[in-house]
Amino acid sequence: MASANPVAELIDQRLAALQLSKRELIVRLGYKNVSKGLNRLHQVYRGEFGQSEFLLARLPEVLLLDSSAILAAKTKVIQDAALEARAQQDRNFKPHAVFLTAHRIPRQIVIAAMIGADRQRYVFFDYKSDPRSFRLSALKAMPATIPMFGRVLGFVINHSPSYAIEYDVSGKLVRVCNQPEVIGQLHLTV
């Protein structure tokens, strides 16, 4: 298996230095079920640490490492994943307006999810449109109220992941923000 992250690289280096196979590592870690242990090891190689605490806790002892080395490598994997998630979010960003309402959380969450009230709080702009037209487009699309959220108090135009402008209901500038307005989404599963 190719090393995909610093934890995997560290494990591979120590396995090579100690001349151990992955199967031998799993046995030394104390797993009775070698298959389960190998699955946990593969999760670590993929950067999935949720079910691998036992394995990670025993690695320093078995691989003759300082526990801070494993922790530092794990921290790097988590930070890299967060940076990649943010970069992906930035790549997928589309300019849009978010209507600000009297209630940030819907009064009746289940009903709001059933009728898609949260989706009524967004206006997405054509990426080819002139950004100067966004304010007028949002004003045209702005309802007086949104079911379960109440009266519309204004809107925020998220121009980019690091630039947004808030307006009141009449379209007057309220403030400029260095991050977008983000609202939650409702999902209903039956």
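Answer with yes or no whether ALA85 is at pLDDT below 90, in the same structural domain as ARG46 (by TED's automatic domain parsing) and out of contact with any Gly (no Cβ under 9 Å at 6 or more places or on another chain).
Here the answer is yes, as ALA85 does meet what is asked.
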Being under 14 Å from ILE26 (Cα atoms), small (Gly, Ala, Ser) and out of contact with any helix residue (DSSP H, G or I) (no Cβ under 6 Å at 6 or more places or on another chain) is the filter here; which residues of segment 48-63 pass it?
ALA57
Mind listing whichever residues of segment 126-183 are touching a Cys at 6+ places or on another chain (Cβ under 9 Å) and aliphatic (A, V, I, L, M)?
VAL156, ALA164, ILE165
Checking the conditions here, which among ALA164, ALA138 is closer than 17 Å to GLU181 by Cα, in contact with a strand residue (DSSP E or B) (Cβ under 8 Å, 6 or more places away or on another chain), in a helix (DSSP H, G or I) and not acidic (Asp, Glu)?
ALA138
Only one of (1) surrounded by 14 or more Cβ atoms within 10 Å (Cβ to Cβ); (2) over 26 Å from the mean Cα position of the chain (by Cα) fails for PRO143. Which number is that?
(1)
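The values are calculated or read from the model by the stated rules, or taken from the named source; none is laboratory data. All figures in this text were calculated on a predicted structure; none of them were measured in a lab. All Cβ positions, even for glycine, are placed from backbone atoms using ideal geometry, and neighbour counts span all protein chains on display.
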